[in-house]
Structure formats: C-alpha cells, structure tokens
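Note sheet for the following structure.
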Amino acid sequence: MFFAQKHSKIFLLILFVFFSVFTGCASGKKDEASDLTAPAVSETPITIDNTGSTKLPGTGNRKGYFGKIDESIVNDVENGDPASIKRAMSKLRKNEADYTENEKVLISVAASIMEIAWETEKVDWTVYAVDASNPYTGAVKSVRSGVFDSSTGNSDFLSTILPCMVLFTAIKTNDKLLSQCEASIKLALTKSPDSVLGNYLAGILYEKKGDYKTSELYLKKAYDKSSDTMQICILYSKVLSTNGKNELASKVVKSVSSSMINDIQVLKQSAYIAYQNNELDQAEDYVARVLQQTPNDLEFVLFRAKIFIQKKDYIHAVSLLDMYGRQNDKDLEYLLLRAKVQLDWSKNVAAATETVEKALKLYPDSEEALMLAAKISSMTDSPVAGKYADELAGTVLKKNPENTTALLYALDGLIQRKNWSQAYDISSQLVKKASSDPEIIERHVNVCIKNGKKNEALDVAQKAYNADKNNEIILESYVYAYCQVNSRDSSLNLINSLLASTNSQHVKSFLYYQRSFLQRTEETVLADLRSSLMADSRNSDSLFRLYEIYFEKKDYKKAQYYLKQVVAINPNDSSLKKINEALTQLIN
C-alpha cells in the first residue's frame with residue numbers, strides 16, 4: 001500500500017511538472033519590454049532533488065534568456081572583468097555547430113564588454129554573427145553610437161547594465177544620461193552586487209557627477225576583486241588623489257600588471273600622482289616617458305612646463321610654453337602659467353596683467369584667473385580687467401567665503417583704497433581664523449589703528465608677541481601698536497631696550513625708523529632715519545619719510561632723490577609712480 005502510494009505521488013509530481021512546463025511553453029507570453037520569447041525549457045531534461053524542487057542541470061535556479069547556459073559561465077560574464085570574461089569564454093569553447101543562438105549572443109556580449117570597457121585587452125575568441133532582435137546586442141549597438149538604450153526590459157543583470165556602458169562611449173554626458181545610468185546601475189547591482197563591471201561603472205558614474213567619495217566606495221569594491229585591471233587602477237587612483245589619499249593612490253597605480261607598467265595611461269597617472277606628492281623629479285621622468293611615445297601630446301607638453309615652473313627652471317618652461325602657445329594660445333592653464341612666468345621670472349607686470357586679462361575675458365568665472373588678477377592688483381595698487389583686488393577677490397568669496405587667500409587679497413585692496421571700515425571687518429575675520437599668522441597680525445594692527453581702535457591693536461599684537469618673540473614681523477607690529485597707545489618715555493624705553501638686545505639689522509632699521517617719530521627735533525629725527533638706512537639701505541619706510549620731510553621743506557630735488565629709491569625698491573606700486581611723476585612736473 002505504502003509502496004503504491006509513494007510511486008503514485010512521484011508519478012503525479014512528474015506529471016504535474018511536465019504539464020506546468022509544457023503549458024508554460026505553449027502559452028508563455030513574450031517579454032513586453034524586450035519582445036523576446038522565453039527559452040524552450042521543456043527541451044531540457046528535468047530532475048527532482050531531494051526537496052522535490054525542479055532544477056535545470058548546470059544552471060542552478062537561473063531563468064531567462066541565458067537560463068540554459070552553465071550558470072558559472074553567465075556569472076563570469078556578469079562579473080565583467082577581463083579575467084572572468086576570459087574564463088567564461090574558455091569554459092564555453094566548442095565547435096561552432098554546437099553553439100546555440102543564446103550562447104552566441106553571450107559570446108558577442110562578452111566580446112563587446114571587453115572591447116568597450118577594457119580596450120587594452122584582446123578578444124582572442126571567435127565571435128559569431130547573431131540575430132540583432134534581442135536586448136543584449138541591441139543595447140551594445142546603441143552604446144557604440146553613444147546612446148542609452150532604454151528598451152532592454154531590465155529582465156536580468158546584463159540587459160540592465162549593458163546600456164550603462166554608454167558612459168565609456170558618450171562624447172558628452174548630461175544630467176539626463178547620468179540619471180538614466182544611475183537608475184540602471186543601482187538596479188543591476190541589486191541583481192549582482194559583486195559585479196566588477198557594475199561597481200566600476202558606478203565608480204565612473206559618480207566620478208562624472210563629482211561625488212568622489214561615493215565613487216571611491218564603488219571603485220574600491222571593483223579594485224578589490226580585480227586589482228590588476230589597468231583601467232580600474234587608473235580611475236581608482238585618480239579618485240583617491242582627488243580625495244586627498246595620494247599615498248594609497250600611488251600604491252594602486254603601481255599594482256597594475258607588469259605588462260602594463262609602461263602603458264601610456266599608467267605613465268600619465270603616475271606622473272599626476274608624483275606631481276601631487278611634490279615628487280617633481282619623478283613626475284618629470286614619467287612625463288618625459290609619455291612624450292617619448294607621443295611627442296605631440298599638448299596636455300603633457302603643458303604639464304612638463306608646469307613642472308619646470310614649479311622647479312623654477314623658467315628657461316625650459318618658457319620654451320615649452322612657446323611650443324604649446326603656437327598651437328593653442330587660448331587654453332586657461334596655458335594663460336595662467338604664462339602670466340606666472342611673466343610675473344615671477346620676467347618681472348614684467350604689464351605683460352602678466354595683459355595675459356591674465358585675456359584669461360578673464362575668455363574664462364570670466366575662473367577662480368584661478370580671478371585670484372591671480374587679485375594678486376597682481378594687490379601688488380600694483382592698480383585695477384586688473386577694470387577691478388581692484390578687493391572686487392576681484394570678492395567674486396571668489398561669494399562662492400567660497402572661507403578662502404583665506406582671497407580674504408587677504410580683498411583686505412589688501414581695501415587698505416590700498418583706504419576703505420578702513422570694510423578692511424576692519426575682513427581683518428577681524430582673518431585674525432580669528434589665524435591668530436598667530438604674522439602677516440595677518442601686521443595687517444590687523446594697521447587697520448585697527450587707522451580705525452582708531454588702538455587698544456585692540458595692542459592687545460592682538462601683544463598676545464602674538466608673547467607667543468612668538470622671535471618673529472620679526474610680529475615684533476614690529478607690537479612695537480608699532482605699543483607706541484600708539486603708551487607714553488613717549490615708555491615707548492622710548494621699549495625701543496632702546498630692543499635696540500640693545502637685537503642682532504638683526506632689519507629689526508634695528510625698523511626700530512630707528514619708529515624712534516624717529518618720538519624725537520622732538522629735526523636733527524634727531526634725521527639722525528634716526530640715517531641710522532635706519534645704515535642698518536638697511538632698502539628700508540622703504542625710512543626713505544619715504546625722508547622724502548616727506550624734504551618735500552615739506554620744499555627741497556624738491558632732495559625729496560625726489562629719496563622718492564626715486566622708494567620707486568626702485570617697489571617698481572610695481574602705481575601710487576608711488578604717480579607721486580614721482582607729480583613731483584617731476586613740479587620740479588620742471
């Protein structure tokens with residue numbers, strides 16, 4: 001009885017499975033999104049495991065277009081890195097007559113992934129012509145045209161991820177394309193979360209969106225599973241560098257296989273990382289090796305010039321800039337590098353101003369161009385592109401209010417234009433950010449005194465002096481503020497004690513200059529100023545004070561003698577030039 005019941009149940013179960021599969025094939029609907037008929041599963045023998053579930057041999061429980069192919073082969077193709085694809089193709093290799101259409105489609109897909117994603121790899125297997133009326137080959141065809149195919153149906157991992165390979169081929173990416181890719185990649189990774197291809201594409205996507213932290217997370221996952229794939233190493237190292245992880249970025253780019261170590265992309269990324277790590281000789285070596293392979297690579301011609309400028313090798317830098325400029329004299333980085341050489345090496349402020357004005361005309365929103373223009377304006381007390389330093393820096397501060405360098409340039413511009421009220425607001429902000437920075441202390445003390453806030457000036461200067469008595473700029477700021485607040489006798493005592501203890505000629509020159517304001521006779525004033533110049537003949541403040549004294553005495557020739565020396569020491573100060581021109585007209 002039991003034996004008959006047992007066999008009866010097995011017979012009924014087999015009959016039920018056969019009937020279900022048969023009716024499923026007979027009445028199976030086409031996938032509405034992909035317009036594909038499900039594979040004829042009834043042609044494959046069915047087995048029943050000890051749990052009573054049906055299972056297709058070698059396919060686990062995978063269903064869909066590739067359901068009849070060994071699951072490990074499909075998994076390897078879905079994994080999508082070069083090693084996995086090659087392994088899959090090796091497993092699938094057989095006589096052409098023995099391939100099913102679905103297998104040929106998978107082979108074609110694998111070859112397309114290799115060609116598009118891993119372009120340095122070779123497709124060393126035969127690819128067969130296939131019917132294009134399936135979502136896989138259709139998606140690849142669209143990708144090669146730079147188009148996202150939204151009609152694949154997303155029925156499995158490959159049909160979902162393949163359209164996203166447009167990230168490799170699209171000439172330009174816009175928000176719509178990135179949004180489409182993001183949705184598909186997220187969906188694909190729910191189907192195969194460990195796919196190297198899927199995580200690599202996610203890394204590319206977020207790198208293009210500027211979300212480098214998220215990009216790094218996905219690229220790390222791809223790199224951990226395929227650390228010798230060159231393209232992954234390069235992008236991962238770039239993102240790590242962007243995130244400030246230069247040491248790790250260097251290790252990553254060096255982990256590529258030995259056969260790829262001299263690949264031009266590897267050399268380029270190695271050059272960038274070495275430069276970011278301030279390893280200038282190593283960076284130059286990598287750049288030279290790139291230019292040996294591609295001597296007309298303008299990007300790296302300019303990069304080499306940049307390295308030479310950093311090394312202060314201006315002669316070689318200028319030669320490269322000339323070479324670059326003959327082919328492209330409108331590039332922003334070229335213009336900025338040219339202006340820096342003109343400013344720092346040639347000392348040709350007029351030429352540097354003209355170059356940076358050209359950059360601003362072409363790239364009015366460039367922060368680098370605005371900052372360089374503000375620097376030149378703060379040096380010359382003249383407008384650049386019609387604006388003064390505080391106005392140019394103000395444009396940068398609207399986007400980045402915490403930019404300390406921009407705040408300094410803005411402060412310089414306001415000081416030059418004697419806008420003491422706004423200057424005080426900015427110097428107060430700066431001194432809170434960097435209470436021990438000597439240059440900021442010096443500016444804040446001067447601005448406070450101009451605003452009548454002498455006690456605040458002394459308080460700030462004294463705190464800085466107590467913290468660092470060896471810094472000459474802070475010492476001078478402290479003495480200046482002290483003399484503004486305290487009595488003549490107390491100020492003289494401080495100056496005389498410092499004169500007796502200092503060995504610095506620069507400090508002595510300042511102290512004599514400062515003491516000249518405390519003297520009561522012209523003879524002692526002039527004596528202190530001469531002593532100041534004996535200690536430092538290039539003390540512009542002492543020279544200018546002598547100009548003022550002789551100008552008041554109407555001894556214009558002697559006044560001009562001292563003023564010309566001030567102009568020679570400060571050749572870029574336009575306000576001094578104007579004073580000298582006016583004095584020359586007065587004399588003539």
Legend entry - Residue selected from segment 328-362 under the condition among the small types (Gly, Ala, Ser) and crowded, with 21+ Cβ neighbours inside 10 Å, by the criterion farthest from ASP313 (Cα to Cα): ALA359
Legend entry - Flag for LYS172 being free of Cβ contacts under 8 Å to residues at least 60 places away in the same chain and part of a helix (DSSP H, G or I): no
Legend entry - Scan of segment 528-571 for residues that are basic (Lys, Arg), under 30 Å from ILE376 (Cβ atoms) and not in a helix (DSSP H, G or I), ordered by number: ARG538
Legend entry - Residue in segment 457-464 that is in contact (Cβ under 8 Å) with a residue 60 or more places away in the chain and either part of a helix (DSSP H, G or I) or open to solvent by 50 Å² or more (accessible area, probe 1.4 Å) (or both) present: no
Legend entry - Condition broken by ILE426, with the remaining ones in (1) open to solvent by 20 Å² or more (accessible area, probe 1.4 Å); (2) closer than 22 Å to ASN486 by Cβ; (3) aliphatic (A, V, I, L, M) satisfied: (2)
Inset, instruction - Kindly indicate the residue of segment 506-527 that is open to solvent by 50 Å² or more (accessible area, probe 1.4 Å) and not in a helix (DSSP H, G or I) and also nearest to ALA582 (Cα to Cα) among those meeting that condition. - result: PHE517
Legend entry - Hey, GLY153 out of contact with any Cys (no Cβ under 6 Å at 6 or more places or on another chain) and open to solvent by 10 Å² or more (accessible area, probe 1.4 Å) or not: yes
Legend entry - Sole residue being open to solvent by 50 Å² or more (accessible area, probe 1.4 Å) and not acidic (Asp, Glu), chosen from SER179, SER192: SER179
Inset, instruction - Could you please find all residues in segment 63-74 being more than 18 Å from ASP98 (Cα to Cα) and open to solvent by 70 Å² or more (accessible area, probe 1.4 Å)? - result: LYS63
Legend entry - Condition broken by ASN328, with the remaining ones in (1) under 13 Å from ALA305 (Cβ atoms); (2) in contact (Cβ under 8 Å) with a residue 40 or more places away in the chain satisfied: (2)
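Each row is one residue, and each column tells you yes or no for (1) out of contact with any Pro (no Cβ under 8 Å at 6 or more places or on another chain); (2) in contact (Cβ under 8 Å) with a residue 12 or more places away in the chain; (3) on the phi > 0 side of the Ramachandran plot; (4) assigned to a helix (DSSP H, G or I).
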position	(1), (2), (3), (4)
ASP425	yes, no, no, yes
SER428	yes, yes, no, yes
VAL431	yes, yes, no, yes
SER435	yes, yes, no, no
ASN446	yes, yes, no, yes
ASN466	yes, no, no, yes
LEU475	yes, yes, no, yes
Legend entry - Any hit, segment 111-122, residues being out of contact with any Leu (no Cβ under 6 Å at 6 or more places or on another chain) and more than 22 Å from MET260 (Cα to Cα): no
Inset, instruction - Return yes or no: is ALA317 assigned to a helix (DSSP H, G or I) and under 20 Å from the mean Cα position of the chain (by Cα)? - result: no
Inset, instruction - Please enumerate the residues belonging to segment 392-424 that are more than 18 Å from GLU439 (Cα to Cα) and β-branched (Val, Ile, Thr). - result: THR395, VAL396
Inset, instruction - Please work out which residue is farthest from the chain's Cα centre (by Cα), limiting yourself to segment 195-232 and to residues that are open to solvent by 60 Å² or more (accessible area, probe 1.4 Å) and within 19 Å of MET114 (Cβ to Cβ). - result: LYS225
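The values are calculated or read from the model by the stated rules, or taken from the named source; none is laboratory data. Note that the structure is predicted; figures quoted are calculated from it, not measured. For neighbour counting, all protein chains shown are included, and Cβ atoms are generated from backbone atoms with ideal geometry for every residue, glycine included. Quick note on the areas: whole protein, heavy atoms, side chains included, nothing else; ligands and nucleic acids left out. Shrake-Rupley method; radii C 1.70, N 1.55, O 1.52, S 1.80 Å.
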